[in-house]
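The values are calculated or read from the model by the stated rules, or taken from the named source; none is laboratory data. Predicted model only: the values in this text are computed from it and were never measured. Quick reminder, even Gly has a Cβ in these numbers, built from the backbone with ideal geometry, and neighbours come from all protein chains shown.
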Amino acid sequence: MTEGGVICAGSVITDYVVIVDQWPSENSLSNIHRQTKTGGGGPFNIVKDLRAMDKNLPLSIIGLVGNDDNGHWLRNDCQSSDINIDQLHITKDETPTSYTYVITLNQLVDEHFSINVTKHYNVFYLGYITILDRLDHIVNNETVAVQVLKQAKKYGLETVIDFVSVPNEFYSKIAQFTLPYVDHLILNEIEKKRHDF
């Protein structure tokens with residue numbers, strides 16, 4: 001599998017997994033047995049899974065994390081797995097790293113992407129479309145994400161996008177603008193219904 005690398009971009013978050021003794025019914029409590037922290041979001045999950053399958057595959061992650069313990073933990077975890085973090089940016093303000101109770105850190109913009117360094121990569125993943133806020137923004141009949149995808153295609157990368165099941169009044173329009181620049185599409189039956197693919 002080590003022929004070409006993969007660049008994954010989008011929402012990079014921290015997941016907190018809480019193990020309880022029972023699901024709490026209304027107006028009751030559950031005992032927390034333990035809580036663990038792990039990385040999350042499509043880009044993180046994919047690069048970590050790919051690394052587990054192939055220790056030599058060139059991998060890179062593009063995203064934005066907070067200048068906090070979670071953000072540094074995510075960067076260190078990727079780095080210790082030999083995943084390139086040159087474009088896993090840290091916020092310049094006090095915005096924290098997103099975690100599972102928050103949908104996404106919505107400050108990732110096209111300026112965070114420099115896809116011209118593709119020597120070892122042949123696939124570019126972007127997720128999750130429709131919760132990337134500024135990348136989903138429509139300007140001159142295209143989304144900002146489309147500008148990023150065009151850049152990836154210009155450098156010969158195969159593009160993969162991942163939709164997410166959230167209410168978004170512009171869901172179909174975002175899909176229409178994005179799909180012409182996508183080689184591989186990841187969506188579920190809910191997302192398929194939102195836009196008649």
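Going by the structure shown, is PHE113 of a type outside the set (Gly, Ala, Ser) and over 22 Å from THR91 (Cβ atoms)?
no
Collect the residues in segment 1-54 that are assigned to a loop (DSSP other than H, G, I, E, B), surrounded by 11 or more Cβ atoms within 10 Å (Cβ to Cβ) and among the charged types (D, E, K, R), keeping them in residue-number order. Before the answer, list the steps.
As a first pass, look at segment 1-54 and keep what is assigned to a loop (DSSP other than H, G, I, E, B): 1-4, 11-12, 21-31, 41, 54.
If we keep only those that are surrounded by 11 or more Cβ atoms within 10 Å (Cβ to Cβ) as well, we get 4, 11-12, 24, 30, 41, 54.
Answer for segment 1-54, where residues must be assigned to a loop (DSSP other than H, G, I, E, B), surrounded by 11 or more Cβ atoms within 10 Å (Cβ to Cβ) and among the charged types (D, E, K, R): just ASP54.
Output the residues belonging to segment 60-92 that are among the charged types (D, E, K, R), loosely packed, with under 14 Cβ neighbours inside 10 Å and either within 24 Å of ASN122 (Cα to Cα) or in contact with a Cys (Cβ under 9 Å, 6 or more places away or on another chain) (or both).
ASP82, ASP86
Would it be correct to say that LEU57 is at pLDDT 75 or above, surrounded by 11 or more Cβ atoms within 10 Å (Cβ to Cβ) and assigned to a loop (DSSP other than H, G, I, E, B)?
The answer is yes for LEU57.
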